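In what follows, a single structure is set out as structure tokens and then discussed.
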Amino acid sequence: MGMTMTQKILAHAAGLDYVEAGQLIEANLDLVLGNDITSPVAIHEMDKFTKKTVFDKDKIALVMDHFIPNKDIKSAEHCKCVREFACRHEITNYFDVGEMGIEHALLPEKGLTVAGDVIIGADSHTCTYGALGAFSTGVGSTDMAAGMATGKAWFKVPSAIRFNLIGKPAKWVSGKDVILHIIGMIGVDGALYKSMEFTGEGVANLTMDDRFTIANMAIEAGGKNGIFPVDDKAIAYMKGHSNRPYQIFEADPDAEYDEEYTIDLSQLKPTIAFPHLPENTKTIDEITEDVTIDQAVIGSCTNGRIQDLRQAAEILKGRKVKKGVRCIVIPATQSIYLQAMEEGLLKIFIEAGAVVSTPTCGPCLGGYMGILAAKERCISTTNRNFVGRMGHVESEVYLASPAVAAASAVTGKISAPDELGL
């Protein structure tokens, strides 16, 4: 029996000719990631180890992005802990105020993730890098500590689900709509500890930003990782951002999949996940009553890239955020922020009545920069809408694409761009 794309990457990292689903392996790591919330826990665990040094100062990335700039004393202490660790071990890829960004947008942009890599991160959305044909997955802080010390991690080789993508999405349908459609179809545990492998001629009709979004939310379906084939677009992205060598792995023709689905991208519609699970999806035409909102957030590791900001700006240009609605736009990295400024997007946002924040994960996890009060509703381009995710336990979060979030900010209720004549 052949191997899937993920299984081939893991076999290579473990120094094996063949692996199969369920097999336990020890794999060499190409990158270990932590942020300002998860890294302090890992650092304190490392203090308990006999080995006190990191395995490779160039293969660890520490990104201060959740509560940066620090919102309170506790977050300042966390960042101080990581900052001192990075200095002590001369960590090459330490990103703090002024050069940081949201980790899962920043690392590909910095060229730290390429095809064929095995990457662990103490953040569940580490699966984002599968967009480039890497195996990347979230782990706990203890595993991060072990990874930083040894450069290795244990894995149970996952089985896989194949998603055959065909067709071309309509103008206002993006990667966010694709992954919300899939999660709505298979559920939040539909891919539990499985590799979600995206294939088919429709992949060519997805931008790299679309692919990052789709891979990012594999965890929302329970997936161990999400992964795309390495095509010309992925190669062009890597060559434009990285000097590192990459390795392309392709699934065998006789690779075994637990399930296979075919999704016609041309048939998808703007999709929204209603509270309180990402699987609770409705297409825009299935919403029969007005769902008014108090806040719209456009950003996060899922949808804070330049394509996302351009879509939002196209809708907000010449329009105003509805009175009583708070619209918060968060470019995912300093580079994206600068590009948005140079393209005039920030001017559009501000003139529309939105605010533009420094890169941060803040509102996504109910940290800061957009906390909800009881009974408030937010439409958000983030990735989770659990009870209390963005603030009060009686608040509600609706997940959507940047296009839908921007249109909704204008109308004050969940809306598609075509309701504005676009």
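The values are calculated or read from the model by the stated rules, or taken from the named source; none is laboratory data. Computed from a prediction, not measured in an experiment: that's the story for all the values here. Cβ sites come from the backbone with ideal geometry, for glycine too, and all protein chains shown count toward neighbours. Calculation scope for accessible area: heavy atoms of the full protein, side chains included, ligands and nucleic acids excluded. Shrake-Rupley method; radii C 1.70, N 1.55, O 1.52, S 1.80 Å.
Some points to look at:
- GNM top mover of TYR398, TYR129, TYR94 - the chain, alpha-carbon springs below 10 Å: TYR94
- What you get for the stretch 226-362, charging only the Cβ of Lys and Arg (+1) and of Asp and Glu (-1), is a dipole of about 1340 debye around the Cα centre.
- The stretch 148-185 residues near the modelled GLN247 label - backbone nitrogen below 18 Å, point 7 Å along Cα→Cβ: 151-155, 157-158
- Computed in the context of the full set of protein chains, the accessible area of the stretch 94-235 at 1.4 Å probe radius has 55% of its extent on carbon or sulfur.
- Lys/Arg +1, Asp/Glu -1 at C-beta; the chain dipole; positive extreme among ALA76, THR283, ASN28: ALA76
- Cleavage-rule hits, trypsin sites (Lys or Arg not before Pro), the stretch 167-236, DSSP coil, Cβ neighbours within 10 Å at most 13: LYS171
- Cleavage-rule hits (chymotrypsin sites (Phe, Trp or Tyr not before Pro)) in the stretch 1-86: DSSP loop, at most 12 neighbouring Cβ within 10 angstrom: TYR18
- For a paramagnetic label modelled on GLU201 (point 7 Å from Cα along Cα→Cβ), amide N atoms under 18 Å away belong, within the stretch 152-188, to 163-170.
- Among MET208, MET100, MET185: highest mean-square fluctuation, GNM of the chain, C-alpha pairs under 10 Å: MET185
- In a reduced charge model with +1 at each Lys and Arg Cβ and -1 at each Asp and Glu Cβ, the chain shows a dipole moment near 1180 debye about its Cα centre.
- Springs between Cα atoms under 10 Å define the GNM used for the chain, and in it the highest mean-square fluctuation of PRO253, PRO275, PRO158 occurs at PRO253.
- Report summary: the helix-based calculation at 222 nm, which adds -39500 (n - 2.57) for every DSSP H run with n ≥ 4 and divides by the residues of the chain, gives -8500 deg cm²/dmol.
- Take the chain with all the other protein chains still there, run a 1.4 Å probe, and you get 38 Å² of accessible area per residue.
- Label-point separation, ASP231 to LYS323 (7 Å along Cα→Cβ), nm: 4.8 nm
- LYS74 sits among other residues whose Cβ lies under 13 Å from its own Cβ, and their net charge, with Lys and Arg +1 and Asp and Glu -1, is -1.
- The chain - share of DSSP beta bridges that are antiparallel (%, nearest 5): 20 percent
- Lys, Arg +1 and Asp, Glu -1 on Cβ, resulting dipole of the stretch 358-414 about Cα centre, debye, nearest 20: 60 debye
- If a spin label sat at a point 7 angstrom from the Cα of MET1 along the line to its beta carbon, the backbone N atoms of the stretch 249-287 nearer than 17 Å would be those of 251-260.
- Trypsin sites (Lys or Arg not before Pro) within the stretch 25-69: DSSP coil, no more than 11 neighbouring Cβ in 10 Å: LYS48, LYS51, LYS52
- One decimal place: the segment ILE25-GLU260 gains 82.0 nm when fully extended, by the rule 0.36 nm per residue minus the C-alpha distance.
- Distance between modelled label sites at MET185 and LYS48, nm, 7 Å Cα→Cβ extension: 4.3 nm
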